[in-house]
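What follows is a set of notes on a single structure, which appears directly below.
Any read-out appearing in this document is the output of simple, stated calculations on the displayed coordinates, not a laboratory observation. Everything quoted here is computed from the prediction, not taken from an experiment. Neighbour counts run over all protein chains shown; Cβ positions are idealised from the backbone, glycine included.
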Amino acid sequence: MPTTKFVVSPLAGALALAISLPVFAAPAPEPQAKDVEGVAVHGHRVQKASSGKYTANLRDTPQTITVIDRNTIDGQNLLSLTDILSTLPGITFGAGEGGGGFGDKINLRGFNADSDITVDGVRDSGLYSRTDPFNLESVEVINGANSVYSGAGSVGGTINLVSKTAGLNEFHKASIAAGTDSYARMTTDSNFVLGESTALRLNAMAHQNDVPGRDVESNERWGVAASLAFGLGGDTTWTLNYLHQEDDNTPQYGLPFFNGDGLPGVDRGNYYGYSNIDKQDIDLNSLTSTIEHSFNDGFKVRNLTRWQQVDQFSLVDAVQGTWCLANNLTPTGASCGATRPGNYSPSGPRGYGRDTRNTTIYNQTDLTTTFNTGAIEHNLVAGFSILHEKFDLDVTSDFRNPNGTNPYITGLPQMNIANPDHIYRGPLNRTLTGRTEGELDNRALYVFDTLKFNEQWQLSLGARYERNEGKTSNAVVVLAPTTVGGALPPQPIGTVTGYGVPFKSNDDLFSYRAGLVFKPVENGSIYIAYGNSKTPSKASVNGSCTAQTCSVDPETAVNYEIGTKWDFLDGRLALTGSVFRNDRKNYKVADLDNPANLSGLQQLDGQARVDGVMLGLSGLITDQWAVYANYAFLDSEVLQGVSDRQSGLGLDYTKGDRLTSVPEHSFSLWTTYDLSPKWQIGYGATYQGKIWLTQHSATNVNGPLTTYGSYWTHRAMVAYKINRSAQLQLNVNNLTDEDYFTRIRNNGWATPGDGRQVVLSANFAF
């Protein structure tokens, strides 16, 4: 097990001194309570989603939308998008697979949502790790098929990150933190009012930590963000936002995992990659311009333009290969071959590098107006957007000889399973093994309208038409020495000799959503809603597009939902509930061994379903007691997992199986209580029920499916208010040091959940 450390780096100490000097030089007045999105101890819940496309407030929006606000993020000391989403039920995470890249892999309501992440409503489809929330006001999870709002994809929903922006309320905040596992963190957040209508907001962050419970993995990052706004409070406003963040992390793959559990006798902290080689470097730059003009109280126009570029280089060694147990058999019962008992022979992606660049240019214009047609009141948004994305990927192999040949044709050195040697000592020569270039152009027209017939009835409608054009080009790379007339080839290994024929996907997509809302009283609503999503073969710029998939029609999913939302205690407490069905009507499946399908085109014959219930409670029960709780029940099923031809031959072994990595029951809670004007305590709990990891196959027709069991994690917080300007906060995450796995790839590897960590923060407001 790793040694527990409580460290503040020299950088942390220097920044702490710089931050603390003005704090104690002149105590500031008590910060004013502000409206926040979600639950706060001193504040009110926001009444509307951040996107202008939502034409009604949250209570009257016929869709399940869960908001995690800034206070909830800070109160639990959540440090990444994965941390934040792990506190919500119904969300799980995929393993970092070397072939597909390392980054945020999200499963939402049973369906993949890797590319269904937006920032301020703008698609952020790059596969990288979103490691820090220092520039976020909140995270919104919009559940259900959602292409009408977010564009192509969004089968299970959309995750929207809401950025901090400048305003006319001047404040200055800073935080310094230290903790176990070499934890050190500093943040500042200042909003300067520069005139009657101009403001500048500056955020900064520096962070380091070792991963709790692990011997090797660590994270280091820093970031700055600026928001400059002109014309605040007037008819015309212009806001410029810039974000820059750099990461230097060790990728987490974790431990060998077979048949629903880790290998026996393997220590939780073991590392099976190469700690002196593995890395994940991220460089993020984003610039956003937002111009808004109000012609009058009922008509305004808004334009958002963004340029964003994300560079990520990852060098990984997946926990993959032959694991030979003491009985000279692998965990699956196969022969170990040349691998000695008690040893591990690495294979698969080792010394595997991915150098990616995702570039996004986006422009969106919205017109918002309110008007009446007879007795019907309309709140309408109409707009259009233009998106261009470019993706560049170089795949490399570092474990090569100087001439590019592989020194490990017969296998890499074996490791002892119980005590792996995670230092690489062989040759290192980075060699190009593949290059992919992708482009995506999306042009969309959309309209949303909430029609209010009277105080009891309203109808929400939305429609989106988009043209989605994608292209994938793969380079031809020299991969092995060949002889031409007895000599080596003229191009060395790793040379690009040209490009193959590009694969293209061009689709016209139509998405829609409709919801009828009945309000028996002002503070409550009951709704029924229906919507769809469209997913083309090239739904994201970094998505795969091959000869077998590019010409296949878009996939379709639909969402049915019945729900109710109620506000109590003058709007301070909200109770929500919904019953829903997510149907993937047709998804791509291989059409194996079909003599009539000579091109090998995949077929849109797959069908899957998730029926569910979601319950939520958020807000202030009393002036001292705040609560944020959510429960999800998900009943998933494969309706058809093969082509129609194979199904007709009785070869659909997965029919009736559960979807993988979808817990039937899950629950989350975060609650705080003010013991006195100076003391506050908090407690959180997360429960994930059993998940299914495999489905039936030709070799396991009627046998039991592999599962992974349920687990609980707990969090605690104690805060002490020193004075109007300073507060101490102690957080303990994974209070009971629960040993559990996440990001599971069965019969491969799984990432251990973070062990117990203790962090002490000093927070200042001046």
Ranked by how many other beta carbons lie within 10 Å on average, peptides 247-255, 151-159, 668-676 from highest:
151-159, 247-255, 668-676
Per q in 0.05, 0.10 1/Å, what log10 I(q)/I(0) does a Debye calculation on the alpha-carbon atoms of the chain return?
-0.26, -1.13
Using a cut-off of 20 Å between alpha-carbon atoms, which aspartates and glutamates can reach Lys678, once sequence neighbours fewer than 8 places away in the same chain are excluded?
Glu30, Asp74, Asp623
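Would you please give the FRET efficiency between His665 and Lys173, computed as 1/(1 + (r/R0)^6) with r the Cβ-Cβ distance and R0 = 30 Å, to the nearest 0.05? Intermediate values should be presented prior to the final figure.
Details: r = 38 Å, r/R0 = 1.27.
Using R0 = 30 Å, I get an efficiency of 0.20.
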Please compute the length gained on full extension between Ile386 and Asp283, using 0.36 nm multiplied by the number of residues separating them and subtracting their Cα-Cα distance.
34.6 nm
Principal axis dimensions, largest first and in whole angstrom, of the stretch 416-516 by Cα:
84, 47, 15
Which translational diffusion coefficient, to the nearest whole µm²/s, is obtained for the stretch 543-597 from the Stokes-Einstein equation, given a Kirkwood hydrodynamic radius over C-alpha pairs, 20 °C and 1.002 mPa s?
137
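Full extension from Asp553 to Trp679: what is 0.36 nm times the residue separation minus their Cα-Cα distance, to one decimal in nm?
39.5 nm
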Spacing of the two label points (7 Å from each Cα toward its C-beta) at Asn328 and Ile722, in nm:
6.7
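Could you sort 332-343, 515-526, 125-136 so that the peptide with the highest average Cβ count within 10 Å comes first and the rest follow in order?
Averaged packing, sorted descending, gives the order 125-136, 515-526, 332-343.
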Using alpha carbon coordinates only, what is the Rg to Rh ratio of the stretch 276-334, with Rh defined as the Kirkwood radius?
1.52
Report the normalised scattering of the stretch 238-332 as log10 I(q)/I(0) at q = 0.10, 0.13, 0.14, 0.16 Å⁻¹, calculated by the Debye formula with identical scatterers on the alpha carbons.
-0.55, -0.68, -0.72, -0.81
For an R0 of 51 angstrom, estimate the FRET efficiency from the Cβ-Cβ distance between Asp449 and Asn700 and round to the nearest 0.05.
0.50
Fewest-first sequence of Thr564, Thr322, Thr72 by Cβ atoms within 10 Å of each Cβ
Thr564, Thr322, Thr72
Could you give the Stokes-Einstein D for the stretch 508-621 in µm² per second, using the C-alpha Kirkwood radius, 20 °C, 1.002 mPa s?
125
Please report the equivalent ellipsoid semi-axes of the stretch 660-730, computed as sqrt(5 x eigenvalue) of the Cα gyration tensor, largest first, in whole Å.
46, 9, 7
What is the spin-label model distance, in nm, from Arg645 to Ile562 if the labels are put 7 Å beyond Cα along the C-beta direction?
4.2
Where does the Debye-calculated log10 I(q)/I(0) of the stretch 248-403 sit at q = 0.15 Å⁻¹, using only Cα point scatterers of equal weight, no solvent?
-0.91
Given contacts defined as C-alpha pairs under 8 Å and at least six residues apart, what's the relative contact order of the chain, whole-number percent?
13
Computed over the Cα atoms of the stretch 92-231, the Rg and Dmax in Å are 17.9, 54
The computed P(r) of the stretch 113-180 puts the percent of Cα pairs beyond 15 Å at 60
What span do the alpha-carbon atoms of the stretch 497-559 cover on each of the three principal axes, reported in whole Å from largest to smallest?
70, 19, 15
Quick numbers on the stretch 559-717, Rg and Dmax over C-alpha atoms in Å, give 22.2, 76
If I take R0 = 41 Å and measure r between the Cβ atoms of Lys585 and Arg340 in this structure, what FRET efficiency does the formula 1/(1 + (r/R0)^6) give, to the nearest 0.05?
0.20
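Could you sort 604-615, 258-269 so that the peptide with the highest average Cβ count within 10 Å comes first and the rest follow in order? List each step's numbers first, then the result.
On the way: 604-615: 19.1, 258-269: 15.5.
For the peptides 604-615, 258-269, the packing ranking is 604-615, 258-269.
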Please report, in cubic angstrom per residue, the volume enclosed by the convex hull of the alpha-carbon atoms of the stretch 363-494.
225
Between Leu194 and Asp297, how many nm apart are label points set 7 Å from Cα along the C-beta direction?
3.2
So which of Lys504/Lys585; Lys538/Lys690; Lys48/Lys538; Lys105/Lys390; Lys585/Lys690 end up more than 29 Å apart, counting from Cα to Cα?
Lys538/Lys690; Lys48/Lys538
